[in-house]
Amino acid sequence: MEGLLRRRRALSLTETIVASCLLGMVTLAVCNLLPSSLLAMRRGEQQMRADQIAQELLVGYSSVPFATLALGPVAPAPAVQKWDGVDYVSTASVFKIAGTDEQLAKGLRVTVRWRFRKKDYQTTQESWRVHVRTP
């Protein structure tokens, strides 16, 4: 029994220093990843918000009678919505769908733009409207 106790030894100074350095490097790597992951999460939230704004506008324009949809920008002019300190500017337009008669089909396009950290972003969504004539 006494022989077993003598063989046990404490950690040497070198082992302690190496373990501390490894722990410090792992902690530093995790801390460096945190800001970039938070930034990516924020950009994702902004993209989702812009898509939601565009989708809401498209749904709103779908209730407009087909005959009143004139080609060109849709009034009102650019609308601004503010969320979490970011301004989302949306514009909408009606366009002619290639290869179709504009009396039968038109497209609606909504573009939402925003600026974050001195960089511009945008998302665009489209919807097609078809005029179905009843006999």
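Each reported figure results from applying straightforward, stated rules to the coordinates on display, with no laboratory input. Here the structure is a predicted model, which means the values were calculated and not measured. So basically every Cβ, Gly included, is an ideal-geometry build from the backbone, and we count neighbours across all protein chains shown.
Only one entry in VAL89, VAL30, VAL18, VAL64 is part of a loop (DSSP other than H, G, I, E, B) and either over 14 Å from SER127 (Cβ atoms) or without any contact (Cβ under 8 Å) to a residue 40 or more places away in the chain (or both), namely VAL64.
Are any residues in segment 92-112 over 17 Å from GLY44 (Cβ atoms) and in a strand (DSSP E or B), and if so, which ones? Within segment 92-112, ALA92, SER93, VAL94, PHE95, LYS96, ALA105, LYS106, GLY107, LEU108, ARG109, VAL110, THR111 meet the criteria.
Picking from LYS82, LYS106, LYS118, which residue would you name as being among the charged types (D, E, K, R) and either in contact (Cβ under 8 Å) with a residue 60 or more places away in the chain or surrounded by 14 or more Cβ atoms within 10 Å (Cβ to Cβ) (or both)? Only one candidate passes the filter, namely LYS106. Would you mind stating whether GLU126 is surrounded by 10 or more Cβ atoms within 10 Å (Cβ to Cβ), outside any strand (DSSP E or B) and at negative phi? So GLU126 does not fit the description; no.
Of the numbered criteria (1) surrounded by 15 or more Cβ atoms within 10 Å (Cβ to Cβ); (2) of a type in the set (Ser, Thr, Tyr); (3) over 29 Å from ARG42 (Cβ atoms), the one SER63 fails is (1).
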